[in-house]
Amino acid sequence: MDARFDLFDNAFAAEFGKRFAAAGLLLERSPLPKATRELVSLRASQINGCGFCTDMHTKEATAAGEDAVRLHLVAAWREATVFTEAERAALALAEEGTRLADAHEGVSDETWARVREHYDDDQVAALLCLLALINAANRLNVVARTPAGSYRAGMFTAAAH
């Protein structure tokens, strides 16, 4: 697949990308567990059909030591036994928060209650900001048709500097 637009080769897009990556670094310093951040990012990217971000978050999770079985089961997390209750709450929020146009109420009260049961205020703030960031990244890359497959773990972090 050929990109429609190279977000990495345009000066304005590259400058925006640097600031975007800096927001991602802030999330890296949050109290939200790395595994949860990668699982949420991976699931939102799958839903949005973003190959670039699916590639990125699979590789970042793998580099961080995530188990391959869990990564393979993210799309079917409801039927899988390999996720904690906290991760399941975060994945439900990721799905509902990504599919806003598919549900008139957005995120259900049930999902929100499950999230609040497992995450403190700082973790919830990080989870919400992460969800906004990954959905924005998915939209940028899907519209520009950024090809998947060439991402190397750590590239995103390097882009912030």
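Counting pairwise Cα distances across region 2-161, what percent come out greater than 23 angstrom? Intermediate values should be presented prior to the final figure.
Numbers: 4440 of 12720 pairs.
Of all Cα-Cα pairs in region 2-161, 35 percent lie more than 23 Å apart.
Counting other beta carbons within 10 Å of each Cβ, put Ser108, Ser45, Ser30, Ser150 in order, fewest first. Intermediate values should be presented prior to the final figure.
Details: Ser108 13, Ser45 28, Ser30 16, Ser150 9.
So the ranking, lowest neighbour count to highest, is Ser150, Ser108, Ser30, Ser45.
Full-extension gain between Ala136 and Asp2, please, as 0.36 nm times their residue separation minus the C-alpha to C-alpha distance. All intermediate terms of the calculation are to be shown ahead of the outcome.
Numbers: separation 134, 0.36 × 134 = 48.24 nm, distance 2.07 nm.
Between Ala136 and Asp2, full extension yields an extra 46.2 nm.
Read-outs throughout are calculated quantities, based only on the coordinates presented, and are distinct from any laboratory measurement. Model, not experiment: these values are computed from the prediction. Positions of Cβ are backbone-derived with ideal geometry, glycine not excepted, and every protein chain shown enters the neighbour counts.
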